[in-house]
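Comments concern the structure below.
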Amino acid sequence: MAKMMLEIPDELKGMQGPLQALVDAASDQIDRARRGRRIDYERFEGVAAERVAAVERGIHAACLAALDVDGAEVLIDGELFRRVGRHPATYRAGAGEVVVERSLYRSAAERNGKTVNLVSLRSGALDDGWLPGAARAMAYLLQQGTSREAEQTARQLGRLPYSRSSFERVGHEVGRLYLPRHQEIEERLIENADIPREARSVSVSLDRVSLPMEEPRARSAGRPAKNAPRNPISRVYRMAYCGTVTLHDEEGEALCTIRYGTMPGGDAPTLCMGLASDVLALLAAKPKLPVSLLCDGAAEMWNLLDAEFRGPDFGEVTHLIDFWHALEKLSAAAKAIYGDDATAVVQRWRLRLLNTSGAAKQIQRELSASGMENVRVGDQRPVHEAITYIKNNGHRMDYATAREHGLPIGSGNVEATCKSLVAQRMKRAGARWKNETGEHIIHLRALALSDRWNDAMDLLLRQRHVKVRVCDAA
C-alpha cells in the first residue's frame, strides 16, 4: 500500500479524523470490489457523502474560527467595542452544523446595546448563524415549494440537513433582507443585463391573478362557543399583480422575459414604475427598440401602465389588447348570431384582424347590424359585450400594423407568469397567505423564474469588508 504524507497546519488538525474516515471508507469499498464481494453502491454513496460532509464541516470550523478576534477592546470600522464574553456558537453550513467559540463585543458608546461578534460580521452569516451559501440554497428551495417539500428535497440531495421550520425561517429571512433593497438590486441587474443580438422589440404586460389570503374574522356577538378559535380567520381570495418585460425577435417571438409580482396588499403603481425603469435601461443600451404594451381589456391595467409609459423617452409606444382575449369575445358573439356556422365566421374575422388595420370597426358594424345586441344567452349578452369591448378598445386592436413591424400581439408571457409565479407555488390546496410573507416568496420566485437568482443573491448577500484592529497590547 502506497503511503502519502500530508502536512496539515495546526489550525486544520481537526480534519485529520474525518479525512482518515473518508479514506478508510473508500479503501474498504475498493477492497470489497476486488474480492468480488456483494456491492451496495447506493449505500456507499451515502457513506462517502457523509464522510465528505464531515471534512467540509471541519474546514468550516477552522475557517470560521480564524475570523474571530479575542481582544479586550477592538475597533470595528473605527468604532470602539469592548468584549463582554466568550462563548461557543453554532453555525450552519450546507454540510451541517459546526460549533465555533467566539468573543462577543458591545459598543463602548452603548451601555446596553446589542452585542456583535466578528465571526458573524465577517462571514456574512444571517440571523447570527446561517452561512450565506446555505441561506441562499434554502431560500431557493422555499421559493420552489413548501417548506416540507424543501426539507424532503434537501434530504434526497444529502445537503442542508435542517428541519422544515428552519427552511421556513431562513427562506423568509432572505426575503426580508431582499425587499427593502429590491429596487436598488433590480436596477443593477437590468443595467448589467445581456441583451440578445436578435432583440428587435420590447413588450410590457400587466395582469392580475387571484390568491388565497388569510384575514382576521370578526367574532360573533355574544359569548364564544366552547373550543371556538381565539383569533378567528377567514380564507378569502384577493388579486395579486404580475408584470413582465419581454424582448422579442423580428417575428415577435419572445427571447427572454423578466418577471415581477406583488401581493394584493402590495404597491402596483411601484411595480409599474419598475417595469418602466427596466424598459428605459434597455433603451439606453439598445436605442430605438420599439416598445409595446400588451394587456387584456381591464381598464385598471391600462391606467396603471399609461401612467408610467408616457413621454418622449419611450418613443412611439404601441398599445395592443391581447389578440386572443379579443378573439374570445368575438367567438362568443359569433356563436350567438350564427350558431353552427360560427366557426367559419370567427376564422374570417380572425384573418381580417390580422391583415387589415380597420378590421375592428368593420366587425363592430357587422355585429351591430345583426340586431342581436340585446339577445341573452343564459346570463350573458355576448353580442352586446363584444360591441362594447370593441368600442372601449378598438384603438388598441390594430394587429395588422403591429405584425408588419414585427411586434407581438399576444400577452401570453404575463399570463404564463401568473401561473408560474403565483398559481403553481401559492395556490396549493388549503394554502393561505399574509401580505408580508407572501411578498418574500413572490419576489424571490420572480428572480428565479427570470434567471436572475444568482446575480441578485450575489448583490444581496455580498459580505462587506469589516476593518478590525485590536486595541490592547495583547
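The values are calculated or read from the model by the stated rules, or taken from the named source; none is laboratory data. No experiment lies behind these values; they were computed from the predicted model shown. Don't worry about glycine lacking a Cβ; one is built from the backbone with ideal geometry, like all the others, and counts go over all protein chains shown.
Here are the numbers for this structure:
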| item | result |
| --- | --- |
| Wholly enclosed helices (runs of 4 or more DSSP H) of segment 134-225 bearing at least 3 residues touching a Gly at 6+ places or on another chain (Cβ under 8 Å) | 147-157 |
| Residues satisfying the stated conditions in segment 249-271, i.e. within 17 Å of the chain's Cα centre (by Cα) and either closer than 18 Å to L211 by Cα or of a type outside the set (S, T, N, Q) (or both) | C256, I258, R259, Y260, G261, T262, M263, P264, G266, D267, A268, L271 |
| Members of segment 393-443 that are closer than 30 Å to K361 by Cα, among the β-branched types (V, I, T) and crowded, with 21+ Cβ neighbours inside 10 Å | I409, V414 |
| Residue within segment 9-25 that is assigned to a loop (DSSP other than H, G, I, E, B) and either within 30 Å of A154 (Cβ to Cβ) or hydrophobic (A, V, I, L, M, F, W, C) (or both) present | no |
| All positions within segment 80-105 that are within 16 Å of L67 (Cα to Cα), among the aliphatic types (A, V, I, L, M) and either in contact (Cβ under 8 Å) with a residue 40 or more places away in the chain or in contact with a His (Cβ under 7 Å, 6 or more places away or on another chain) (or both) | A89, A93, V98, L104 |
| Hits in segment 111-144 (condition: in contact with a Lys or Arg (Cβ under 7 Å, 6 or more places away or on another chain) and surrounded by fewer than 19 Cβ atoms within 10 Å (Cβ to Cβ)) | G113, T115, G129 |
| Failed criterion for D31 (all others in (1) of a type outside the set (K, R); (2) surrounded by fewer than 17 Cβ atoms within 10 Å (Cβ to Cβ); (3) not in a helix (DSSP H, G or I) hold) | (3) |
| Residue satisfying condition, being modelled with pLDDT under 95 and either touching a Phe, Trp or Tyr at 6+ places or on another chain (Cβ under 7 Å) or not basic (K, R) (or both), within set E79, E97 | E79 |
| Residue selected from segment 368-423 under the condition of a type in the set (K, R) and not in a helix (DSSP H, G or I), by the criterion nearest to H248 (Cα to Cα) | R381 |
| Segment 159-181 residues that are in the same structural domain as V98 (by TED's automatic domain parsing), paired with ones that are among the basic types (K, R) and surrounded by fewer than 19 Cβ atoms within 10 Å (Cβ to Cβ) (beta carbon under 9 Å, 6 or more apart) | P161/R155; R164/R148; F167/R148 |
